[in-house]
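Notes to accompany the following structure.
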Amino acid sequence: MLEHLWFPHDISTFGPRVDWLFELIFWIVVIVWIAVMIAMVTFLIRYRTRPGRKAEYIEGNTRLEVIWTTATAVILVVLAFMSRSTWADIKEHGPAGQVFYAVASKQFNWEITYPGPDGKLGTKDDVTVENEFHVPVNTVVRFDLTSKDVIHSFFVPALRLKQDSVPGRVIKVWFEAREVGTWEIPCAELCGFGHSGMKGSLVVDTPEAYAKWIKDKYSGQ
Amino acid sequence: MSSAAAAVVPSAHAEHHELGFIRTYVFSTDHKMIARQFLFMALFMMAIGGLMAMLMRWELAWPESQVPLMHWVPEPMMYDGAIPPNSYNAFFTMHATIMIFFVIMPILVGCFGNFLIPLMIGARDMAFPTLNMLSFWVGAVAGVLLLASFAVTGGPAAAGWTSYAPLSAVPNYTGVDWGQNLWCMSLIVLGVSSLMGAINYITTIINMRTKGMTFFRMPLVIWSLFITAILLLLALPVLTTALALLLFDRMAGTHFFIPTGGGEPLLWQHLFWFFGHPEVYIMILPAMGITSDVISTFSRKPIFGYRAMAYAMIAIAFLSWIVWGHHMFQSGMDPALGSAFMITTMVIGVPSAIKTFNWLGTLYKGNIHYTAAMLNALAFVAMFVIGGLSGIWMACTPVDMYIHDTYFIVAHIHYVLFGGSLFGVFAAVTYWFPKMFGRLMNERLGKVHFFITFIAFNCTFFPMHILGMGGHMRRIYNPLQYDFLKPLQGINIFISISAFVLGAAQFLFLANIIYGLKWGEKAGENPWRANTLDWTTPSPPPHGNWPGPVPVVYRGPYEYSSPEVEEDYLPQSQLLEHESAAAD
Amino acid sequence: MPGTAAKVRPLIIPGRKPGSGSVTSGGGDQRERAFMSNGMIAVLAVIASEMMLFSGLIGSFLIFRLSAPFWPPPALPRLPIAITWVNTLVLLTSAVTMFLAVRAVHRSRQRLLRNYLAITAVLGTTFLLVQGSEWVRLVAHGLKISSGAYGGTFYTLIGCHGLHVTAGVAWLVGVAVAAWGGRYNARNASTVEVVAVYWFFVCAIWPLLFVLVYLM
Ligand code: HEA
Ligand code: HEA
Ligand code: CUA
Ligand SMILES: [Cu+2]
């Protein structure tokens, strides 16, 4: 349904879980809203003033009060607990990484550091590329997100992923893309006059294409 | 303005001495005059904040083109009418700062807090009239400081109304120098003004109630202002702390928020939102109180669940202190903490639900009069519900991961702040205008303004949810820089056109105020046949509020359509025959 | 409905018209019982607000303090503990003299009141002077407000308290001057009580800051 609700195409493994929660809340909210509106409009029409009418003197109703308070409380608390595990899987733990990168933000670019042939970050053969983030498809990607100046936010709508990058902090992020293609990485946190237009591209490659790209990059060094 | 002053019956208490022009209109200590001063200052600021919004909307619909009629703005603010990115950032920063701190707060708290508290609890003035006067003038100084920042080199603050550090802490990051300093100073000064107001309100409500006006006979609008004053008292100092530290970072070389010197950027966010979340309830609670009073009056029916309504507001006030982290889900704060904040945030929906259902209960079996004030109050309920319900998505941490910092949030902001607070303001102005100025606003014009505003408002802000679902980030000045946003540009254009209609419609409101002041129908004491004490004195009330002794209160504020009397209202100060026999 | 404004019928029910003067005897306004004096409510409100101000500063201080590997950072001067102990005693003594001033006013003992107010103000001033001279020495030794989180939190937190003491002293002097004119007595004591409550707050928060900033 969300595809029809203007949501961008989703390519990540946790994206469907996020969308499912969005949809669940959508239905709760729409039902509550329609119920409230039906009640309101009905009352507004039925009890509009007419000559000789007098309102009924009703001061309240404790039973009703208790019912709607507990009903809302139950719905909301259950919702919170249902969301918890999705959140924990995305931001607290998550699967073991298969490829590793470092992503640093600065006004107004993304710097992607690839580990080089030895597969380790922080060694001399690392390669840093601006704004181009190549990852293999169907692979758990993990990266360390940092910032060199102000706060930015790593946002890939197609992944449903967003994480602020904070100077002075290293934040661990993961995702797994399920589809080959190129998607934009806009910066989602105001970071100065170049905030609008600060974007990179996420290129999800087939394993072969990825290997080739990596090889070209390293040999270019 | 106070033509009815002639009607003042001199008495021992309402000492009436002639004051000069300055003491009457400028440095007045009369709470009613101070209320009017706040109102007019806020309306003036609203025009500026609204203008910023119009410029933003033009930019978003037709990016990097020249805005018509704006060629006169000097560079580098605009280039022959075209808005450069930094100015766009400055515009939404100033738009939000002005609307929040210099429109909504001055009207709801400054104007109506001042006007209604003494009149509704039966006091002759505030507990500290001089402090009250100071509160306005200190607030005015804050306004001048903020507006002055348009004139300094580097332009006004451009780091968003949330001014996240380190962007806001180092001038080089934005290119804004004194603009941001003035922004901090202005809000510190405004904090002092609000503090003075809050002290006054709290003292007045606790100590100056007339005989019989127990706490649980106070109108809900007074309850809401009381709770708001307490929130102000406790929340603003935290903002002051944060702003002072930010100023030190900018001007004294400290590194509180700048990581290169050992600072902690997230500390700013924690301090800001610890203030910021109570702040948003500061802006909605008075509007809730106003709505309760207006809906009850025009349904000719007691408010449904009076005590539940008061307790719900108290609950909102308490909970507002433990939800601030919901603005920081994606900030890099410990995700486990995020889960805790998600639960508290969901829980805060419960007292709001109580309020919503009780408003509906008030309409049930009422005798509903559709005045302009009532229409605005009903719109408040409907729009607040939309805005509140969109808050549920955002409270859900995984969903917020996607919609955080998108137009979904912008939609939420405007549904609660415009759809909520500002419709509350419209309702309040229309409802109490006769008491303030002695004349009624034009009812038909009021309705025309209402319907255009209501429709244009929804056309402007509802589609923003869709933009947000499409991933459209907020605070970007040119959506066409992104391929995935190009298909949504049509929506942006639709929004902008609606926004221009919305802005233009506000001239009707302005026109109605001017009409009401000059040609409005004379109001009389109690044009709405309402129960509360403010309607037991001439309009506008004389100096000292009641020509005779202050009325004594015998019952609650919402005795509409009481079976005890034939009329459909029963003023709080009205003693019935059998009661007076019992009392004697 | 506004159209009907002029046509509103008078209430048919028999009753007394509000505000006509017949309800209250003798024309005097009646009020619900006051909880305490206006001034006292106001000063308690101010104190509540100040507590939030200090919580913000103390919270920030703790965040830096608890995450720092070394505190104080190696290169910076230590804070003067001994003299500040003495100064703490000075401030706490002033709270006692303030208390005695309140007792004096309740007994309408004018001379005692004056003396105790004056002593309190003098003690407060002493505290400020000692603090000030220590600050001068610290700055000379290289501890500046820009010296990292250590210097920054020290000067803002202690400086904020200093401002409060200054305001308190100024207020005290004002009250003492009025007391010289014999303004206060047992039946007119509220101003003295109010300033006393404020002074107690200023004194009470100091030991907390002392422990956190100097001793911890
Ligand atoms: C008047 C102002 C106001 C009010 C009242 C609210 C009310 C609420 N707000 Fe809002 N909020 C803002 C002003 C306000 N907000 C602003 C200005 C921002 C943006 C700041 C910025 O970044 O610039 C913001 C941002 C904001 C965020 C951060 C989003 C982000 O940046 O990612 C969140 C997240 O949880 C949130 C949640 C809520 C919730 C849960 C409520 C709740 O109080 C709402 C409760 C009400 C209801 C739920 C409706 C009525 C209830 C029923 C009809 C009962 C039935 C309901 C159910 C069973 C679901 N708000
Ligand atoms: C009370 C609060 C309030 C109000 C009323 C408004 C009103 C409006 N807002 Fe605002 N807005 C915010 C609070 C508010 N906003 C906040 C907090 C933000 C976040 C900022 C940030 O990201 O930092 C925001 C951000 C924001 C954005 C997002 C910017 C971005 O992220 O890039 C947009 C975009 O469309 C927008 C549009 C509008 C529009 C079209 C109106 C219209 O309703 C305006 C209509 C015009 C008027 C109401 C004034 C015209 C009146 C007259 C001309 C007559 C009166 C004159 C006299 C009495 C003299 N607002
Ligand atoms: Cu980087 Cu916005
Ligand atoms: Cu919030």
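The values are calculated or read from the model by the stated rules, or taken from the named source; none is laboratory data. Keep in mind that this is a model prediction, so the values were computed, not measured. Positions of Cβ are generated from backbone atoms using ideal geometry, with glycine treated the same way; all protein chains shown enter the neighbour counts.
Before moving on, here are some points about what is shown:
- Failed item, numbered, when B:PRO351 is tested on (1) within 16 Å of ligand 4 (Cβ to nearest atom); (2) within 24 Å of B:ALA428 (Cα to Cα); (3) touching a strand residue (DSSP E or B) at 6+ places or on another chain (Cβ under 9 Å): (3)
- Looking across region B:563-583, the residues that are assigned to a loop (DSSP other than H, G, I, E, B) and at the interface with chain C (Cβ under 10 Å from one of its Cβ atoms) come down to B:GLU564, B:VAL565, B:GLU566, B:GLU567, B:LEU570, B:PRO571, B:GLN572, B:SER573, B:GLN574, B:LEU575.
- B:PRO549 vs. criteria over 27 Å from the mean Cα position of the chain (by Cα) and either more than 27 Å from B:LEU440 (Cα to Cα) or buried (at least 23 other Cβ atoms within 10 Å of the Cβ) (or both): yes
- Flag for B:MET394 being more than 30 Å from B:GLU567 (Cβ to Cβ), touching an Asp or Glu at 6+ places or on another chain (Cβ under 6 Å) and more than 7 Å from chain A (Cβ to nearest Cβ): yes
- Residue match in region B:404-413 (condition: near ligand 1 (Cβ under 9 Å from one of its atoms), in a helix (DSSP H, G or I) and under 15 Å from the mean Cα position of the chain (by Cα)): yes
- Residue match in region B:100-108 (condition: surrounded by fewer than 22 Cβ atoms within 10 Å (Cβ to Cβ) and touching a residue at least 60 places away in the same chain (Cβ under 8 Å)): yes
- One residue stands out in region B:486-504 among those that are within 13 Å of chain A (Cβ to nearest Cβ) and more than 18 Å from B:ARG474 (Cβ to Cβ): the one that is modelled with the highest pLDDT, namely B:GLY490.
- None of B:GLY471, B:GLY446 is more than 23 Å from B:ILE83 (Cα to Cα) and within 16 Å of ligand 3 (Cβ to nearest atom) except B:GLY471.
- Residues satisfying the stated conditions in region B:471-509, i.e. of a type in the set (A, V, I, L, M) and more than 13 Å from ligand 2 (Cβ to nearest atom): B:LEU480, B:LEU488
- Residue in region A:111-128 that is part of a strand (DSSP E or B), at the interface with another protein chain (Cβ under 10 Å from one of its Cβ atoms) and either within 16 Å of ligand 4 (Cβ to nearest atom) or under 30 Å from B:GLY160 (Cα atoms) (or both) present: no
- When restricted to residues that are part of a helix (DSSP H, G or I) and within 14 Å of chain A (Cβ to nearest Cβ), region B:251-263 contains 3.
- Restricting region A:175-210 to residues that are free of Cβ contacts under 8 Å to residues at least 40 places away in the same chain and surrounded by fewer than 21 Cβ atoms within 10 Å (Cβ to Cβ), the residue that is farthest from the other protein chains (Cβ to nearest Cβ) is A:GLU208.
- Looking only at region B:109-139, and only at residues there that are touching a Lys or Arg at 6+ places or on another chain (Cβ under 8 Å) and either of a type outside the set (A, V, I, L, M, F, W, C) or without any contact (Cβ under 8 Å) to a residue 60 or more places away in the chain (or both), the one that is nearest to ligand 4 (Cβ to nearest atom): B:ASN114
- Note on region A:160-195: among residues that are under 25 Å from B:GLY338 (Cβ atoms) and polar (S, T, N, Q), the one that is farthest from ligand 4 (Cβ to nearest atom) is A:SER165.
- Taking the numbered list (1) in contact with a His (Cβ under 8 Å, 6 or more places away or on another chain); (2) at pLDDT 95 or above; (3) not aliphatic (A, V, I, L, M) in turn, B:GLY263 passes all entries but (2).
- Boolean, B:ILE227 is in a helix (DSSP H, G or I), more than 30 Å from B:GLY332 (Cα to Cα), away from chain A (no Cβ under 14 Å) and at pLDDT 95 or above: yes
- Residues satisfying the stated conditions in region B:37-59, i.e. of a type in the set (A, V, I, L, M, F, W, C) and either modelled with pLDDT under 95 or more than 6 Å from ligand 2 (Cβ to nearest atom) (or both): B:PHE38, B:LEU39, B:PHE40, B:MET41, B:ALA42, B:MET45, B:ILE48, B:LEU51, B:MET52, B:MET54, B:LEU55, B:TRP58
- Checking region B:321-342 against the condition returns a match, with at least one residue being in contact with a helix residue (DSSP H, G or I) (Cβ under 6 Å, 6 or more places away or on another chain), more than 11 Å from ligand 1 (Cβ to nearest atom) and either of a type in the set (Lys, Arg) or within 22 Å of A:VAL29 (Cα to Cα) (or both).
- Selection status of A:HIS134, more than 7 Å from chain B (Cβ to nearest Cβ), touching a Cys at 6+ places or on another chain (Cβ under 7 Å) and in contact (Cβ under 8 Å) with a residue 24 or more places away in the chain: no
For every residue, the table says whether it meets (1) touching a strand residue (DSSP E or B) at 6+ places or on another chain (Cβ under 8 Å); (2) more than 15 Å from ligand 1 (Cβ to nearest atom).
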| residue | (1), (2) |
| --- | --- |
| B:VAL221 | no, yes |
| B:LEU231 | no, no |
| B:ASP249 | no, yes |
| B:ALA252 | no, yes |
| B:GLY261 | no, yes |
| B:ASP293 | no, yes |
| B:PHE298 | yes, yes |
| B:MET309 | no, no |
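- B:LEU232 satisfies every condition listed in (1) touching a residue at least 60 places away in the same chain (Cβ under 8 Å); (2) part of a loop (DSSP other than H, G, I, E, B) except (2).
- For B:THR397, the stated conditions do not hold, so it cannot be described as under 16 Å from A:GLN163 (Cβ atoms) and within 12 Å of ligand 2 (Cβ to nearest atom).
- Candidate set: region B:45-90, residues that are within 11 Å of chain A (Cβ to nearest Cβ) and either within 16 Å of ligand 3 (Cβ to nearest atom) or in a helix (DSSP H, G or I) (or both); chosen: the one surrounded by the most Cβ atoms within 10 Å (Cβ to Cβ): B:ASN89
- Any hit, region A:164-182, residues being of a type outside the set (Ser, Thr, Tyr), within 16 Å of ligand 2 (Cβ to nearest atom) and in contact with a His (Cβ under 6 Å, 6 or more places away or on another chain): no
- Taking residues in region A:150-172 that are within 7 Å of chain B (Cβ to nearest Cβ), and partners anywhere that are within 16 Å of ligand 4 (Cβ to nearest atom), the pairs with Cβ atoms closer than 6 Å and at least 6 places apart or on different chains are A:ILE151/B:TYR164; A:LYS162/B:GLN330; A:LYS162/B:HIS404; A:GLN163/B:GLN330; A:ASP164/B:GLN330; A:ASP164/B:SER331.
- For region A:35-73, a tally of residues being within 9 Å of another protein chain (Cβ to nearest Cβ), under 22 Å from B:GLU567 (Cα atoms) and assigned to a loop (DSSP other than H, G, I, E, B) returns 11.
- Within region B:317-340, residues that are more than 19 Å from A:HIS152 (Cα to Cα) and within 15 Å of ligand 4 (Cβ to nearest atom) reach partners that are outside any helix (DSSP H, G or I) and of a type in the set (Val, Ile, Thr) with beta carbons closer than 8 Å, at six or more positions or on different chains, in the pairs B:LEU319/B:ILE348; B:SER320/B:ILE348; B:VAL323/B:ILE348.
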